[in-house]
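Engineer: One structure follows; several queries about it will come next.
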Amino acid sequence: MRSVRISLVGFGIVGHGVLEVVRRKRELLRRMGLDLKVVSVTDIKGTLFDEGGIDPQRLHGAKTMEGIANLEIIGKEAIQEIDSDLVVEVTPTNIVHGQPGLGHIEEALSLGKHVVTSNKGPLVVGFNHLQELAQDNGVMLKYEATVGGTMPLISLIEKNLVGNEILSIRGIFNGTCNYILTRMMEEKYTYSYALTEAQELGIAEANPAYDVDGIDTAGKVVILANSVFGMDAKYDDVSVTGIRDITPEALNLAWERGYLVKLIGEVPSLTVKPMLVPRRSPLAVGGTLNVASIETDLSGTITVTGLGAGSIETASAIVSDIVSIYTSRQIDD
Amino acid sequence: MRLSMDLELQDVPGQLLLSLEPFKKYKGNIISVVHHRDRKTPRGTVPVQIVFEIDPSNIDNVKRELQDNGIVVVRAGEDRFIEEISVLLIGHVVHTDLGDTIDRIDSTGFAEVEDLSLRMPGIEEPSSAYLRIRATGKEEIEKSLSILREVGRAKDLLVIEPIEAEKI
């Protein structure tokens, strides 16, 4: 049985999900020979540490570490001080400077700890630098959850499509935009009405700019460009148009001619823009779904779809990454 | 009357000029000439597409003279637009001179706006337009899209293209 000590950095929606999935899947993971133990949970208020593994019941209903933490250390200091094999980095994302996640990931990799993250910011800002850091320290950096949530995209390309040249990837990488456009189409809502509905349902943030202006999608495009296409793309290299100017009339005109309008991100062209998608195309998924079509030289075009966000869904991608690190032949110890 | 012709020329100097002579003689107004030097036929001839306006009564004379000059007339007068694409425009489509936007495509000679639907929900509110553009080939479709993108930038219109457009 391989015991893995995990430090969880970030205690938001995804952090809660990780604790829950590790708890729910404990037996299954043990049968695979892995004993995953979350030994610490850190947020800006402090750190809860338990060498034997934290019982998720202790954190039930808690929103932050306030009043629960038994150590005052946070951030990089916590990553340094706590003896762990792997850091799960799930702090809030910042696509401009990547912090605090960037510093956390650098610290963990430098200390020889594997890192699994759903945090786009650090990868958008410093993907190649972080990969080098991981290699230099003989550890792995995994980030499936950053693009398309639970939808297997990075691992599909790395494992199942190995040997194929990837010619392009295009898809819907933001569930909020997809939800808004779907509702505008189906209910003839205006953009602002559909946005308000999405906000009331918790699908869109109070400040929706990150989603509706295409920033989130562009971040994912950068990650795919750097990880799959070996580019050195930055956020500013992406040509981005969001969905604010879309009208229900335009969606209706498109529908009458057999099209839907979707916010499409594309690599390696590095574009994010609303596009006409034929109604019968595999990319024509509705609601909050994400979808990606991978164009390859040998396997033709392969399309995957799934939920792009959500606590348990994102955590599932994180736990898959953890398992893949310890079942990979590159890691012998 | 606007017509088109697909010709095949011998790959020797002076053929293109020779092929245009009958149009001049019978008062044809040439709108575009696309000379496909890079796409020779298996017979070693060079395909040329000519779009022109002419009095229909003269079309047979033009054909006969071309043939007399040793030029092969593969096709004449039929619908020459073989590719099409759908595009949406959102913004102040009408007040930024919709006629001009359409002309920018139509004046190319290789593409035309064939279908236009417009929705104007209210004064001051952005309009939405659906355009179907037909063109003589895939390259010409791509050129038409470039023109529309440029028009969109200049007139502050959102241009929404179909995903397959970039594949062709």
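Computed from the coordinates by the stated procedures, all read-outs in this text should not be read as laboratory data. The structure displayed is predicted, hence computed values, not measured ones. Positions of Cβ are generated from backbone atoms using ideal geometry, with glycine treated the same way; all protein chains shown enter the neighbour counts.
Engineer: Using DSSP to call loops (not H, G, I, E or B), can you name the GluC sites (Glu not before Pro) in segment A:1-69 whose Cβ has at most 15 other Cβ atoms within 10 angstrom?
Structural biologist: Loop-located and lightly packed - A:51, A:66.
Engineer: Could you list the GluC sites (Glu not before Pro) in segment A:129-167 that lie in coil according to DSSP, counting only those with at most 12 other Cβ atoms within 10 Å of their Cβ?
Structural biologist: Those that pass, being in a loop and sparsely packed, are A:165.
Engineer: Between residue B:94 and residue A:129, with labels modelled 7 Å along Cα→Cβ, what's the label distance in nm to one decimal, could you check?
Structural biologist: 5.3
Engineer: For a Förster distance of 45 Å, can you work out the FRET efficiency between the beta-carbons of residue B:146 and residue A:311, rounded to the nearest 0.05?
Structural biologist: Efficiency for this residue pair is about 0.50.
Engineer: Can you give the average number of partner chain beta-carbon atoms within 10 Å of each beta-carbon in peptide A:248-261, as a whole number?
Structural biologist: 5
Engineer: I need the phi-derived Karplus couplings for segment A:249-262: 6.51 cos²θ - 1.76 cosθ + 1.60, θ = phi - 60°, integer Hz, Gly and Pro marked x.
Structural biologist: Each residue of segment A:249-262 in turn: 5, 5, 5, 5, 4, 5, 4, 4, 9, x, 10, 10, 10, 10 Hz.
Engineer: Packing-wise, with mean Cβ within 10 Å as the measure, how do A:76-87, A:8-19, A:112-123, B:59-70 rank, highest first?
Structural biologist: The peptides rank, most packed first, as A:112-123, A:8-19, A:76-87, B:59-70.
Engineer: Residue farthest toward the positive end of the dipole of chain A, with Cβ of Lys/Arg at +1 and Asp/Glu at -1: which of A:268, A:149, A:278?
Structural biologist: Towards the positive end, the residue furthest out is A:278.
Engineer: Rounded to the nearest 5, what is the percent of antiparallel bridges among the DSSP beta bridges in segment A:158-307?
Structural biologist: 90
Engineer: OK, next. About the Cα centre of chain B, what is the dipole size in debye to 20, counting +1 per Lys and Arg Cβ and -1 per Asp and Glu Cβ, all else neutral?
Structural biologist: So the dipole magnitude of chain B works out to roughly 520 debye.
Engineer: For chain A, set up a Gaussian network in which alpha carbons nearer than 10 Å are linked by springs, and say which option among A:105, A:95, A:172 fluctuates the most.
Structural biologist: Looking only at A:105, A:95, A:172, the biggest GNM fluctuation is shown by A:95.
Engineer: Roughly how many debye, to the nearest 20, is the charge dipole of segment A:158-307 about its Cα centre, given +1 on each Lys and Arg Cβ, -1 on each Asp and Glu Cβ, and no other charges?
Structural biologist: So the dipole magnitude of segment A:158-307 works out to roughly 380 debye.
Engineer: Put +1 on the Cβ of every Lys and Arg and -1 on every Asp and Glu Cβ in chain A; which of A:218, A:18, A:42 then has its Cα farthest towards the positive end of the dipole?
Structural biologist: The one lying farthest along the dipole's positive direction is A:18.
Engineer: Also: For residue A:164 and residue A:71, FRET efficiency with R0 = 56 Å and r from the beta-carbon atoms, rounded to 0.05?
Structural biologist: Calculated transfer efficiency: 0.75.
Engineer: Tell me what the protein assembly as shown gives for mean residue ellipticity at 222 nm when only DSSP H runs of n ≥ 4 count, each as -39,500 (n - 2.57), the sum divided by the residue total, rounded to 500 deg cm²/dmol.
Structural biologist: Calculated at 222 nm, the ellipticity per residue is -10000 deg cm²/dmol.
Engineer: Can you give the Kirkwood hydrodynamic radius for segment A:158-307, in Å, rounded to one decimal and based on Cα pairs?
Structural biologist: For segment A:158-307, inverting the mean 1/r across all distinct Cα pairs yields 15.7 Å.
Engineer: Give me, ordered by chain and number, the residues 5 or more places off residue A:4 or on other chains with an amide H under 5 Å from its own placed amide H.
Structural biologist: Sorted by chain and number, the residues that satisfy this are A:35, A:36, A:37.
Engineer: Also, I was wondering about something else. Using only atoms on other chains, find how many Cβ atoms lie within 10 Å of each Cβ of peptide B:115-128 and report the average.
Structural biologist: 3
Engineer: If you take all C-alpha pairs in segment B:83-166, what percent of them are over 21 Å apart?
Structural biologist: 21
Engineer: Give me the percent of DSSP beta bridges within chain A that run antiparallel, rounded to the nearest 5.
Structural biologist: Around 60 percent of the beta bridges assigned by DSSP in chain A are antiparallel ones.
Engineer: Output the Cα-based Rg and Dmax of segment A:142-243 in Å, rounding Rg to one decimal and Dmax to a whole number.
Structural biologist: Using the Cα atoms of segment A:142-243, the pair Rg, Dmax is 15.4, 46 Å.
Engineer: Quick query: amide H of residue B:72 versus all other amide H atoms, modeled in the peptide plane; which residues come in under 5 Å with a sequence gap of 5 or more or a different chain?
Structural biologist: When sequence neighbours closer than 5 places are left aside, the close amide H contacts are B:8.
Engineer: Within segment A:121-162, whose backbone N sits under 17 Å from a point 7 Å along Cα→Cβ of residue A:234?
Structural biologist: Inside the label zone: A:121-130.
Engineer: Hey, another quick one. In whole Hz, with x marking every Gly and Pro, tabulate ³J(HN,Hα) for segment B:117-133 from phi via Karplus 6.51 cos²θ - 1.76 cosθ + 1.60, θ = phi - 60°.
Structural biologist: Taking θ as phi minus 60°, the curve returns 10, 10, 10, 10, x, x, 4, 6, 8, x, 8, 10, 10, 10, 10, 10, 10 Hz for segment B:117-133.
Engineer: At q = 0.17, 0.20, 0.21 Å⁻¹, what base-10 log of I(q)/I(0) does the Debye formula yield for segment B:2-76 when every alpha carbon is treated as an equal point scatterer in vacuo?
Structural biologist: The calculated log intensity ratios at q = 0.17, 0.20, 0.21 Å⁻¹ are -0.56, -0.78, -0.86.
Engineer: Related question: Based only on other Cβ atoms within 10 Å, what is the fewest-to-most ordering of A:185, B:5, A:1?
Structural biologist: Neighbour counts put them in this order, fewest first: A:1, A:185, B:5.
Engineer: Under a point spin-label approximation (7 Å from Cα along Cα-to-Cβ), what is the residue A:301-residue B:35 distance to one decimal in nm?
Structural biologist: Each label point lies 7 Å from its Cα, and together they span 3.7 nm.
Engineer: How shielded is A:276-288 by partner chains, expressed as the average number of their Cβ atoms within 10 Å of its Cβ atoms?
Structural biologist: That works out to 2 on average.
Engineer: With +1 on each Lys and Arg Cβ and -1 on each Asp and Glu Cβ, and nothing else charged, work out how big the dipole of the protein assembly as shown is about its Cα centre, in Debye to the nearest 20.
Structural biologist: Here the protein assembly as shown has a charge dipole of around 940 debye.
Engineer: Using amide H atoms built in the peptide plane, which far-off residues or other-chain residues are under 5 Å from residue A:142 H to H?
Structural biologist: Placed amide hydrogens put A:115, A:116, A:117 under 5 Å from residue A:142.
Engineer: Stretch residue A:186-residue A:279 to full length: gain in nm at 0.36 nm per residue minus the Cα-Cα span?
Structural biologist: The span from residue A:186 to residue A:279 would gain 32.2 nm if fully extended.
Engineer: Can you compute the FRET efficiency between residue A:110 and residue B:116 using 1/(1 + (r/R0)^6), with r the Cβ-Cβ distance and R0 = 51 Å? Round to the nearest 0.05.
Structural biologist: Here the calculated transfer efficiency is 0.25.
Engineer: Using only the Cα atoms of the protein assembly as shown, what do you get for the radius of gyration and for Dmax, in Å?
Structural biologist: Reported Rg and Dmax, both Å: 29.2, 99.
Engineer: Specify which residue in the list B:61, A:171, B:121 is farthest towards the positive end of the charge dipole of the protein assembly as shown, using unit charges on the beta carbon of Lys, Arg (+1) and Asp, Glu (-1), about the Cα centre.
Structural biologist: After comparing all options, I get B:61.
Engineer: If you don't mind, there's one more thing I want to ask. What are the ³J(HN,Hα) values, in whole Hz, obtained from phi via the Karplus relation 6.51 cos²θ - 1.76 cosθ + 1.60 with θ = phi - 60°, for each residue of segment A:235-248 in sequence order, with x given for Gly and Pro?
Structural biologist: 3, 5, 6, 8, 8, 10, 10, x, 10, 4, 8, 6, 10, x
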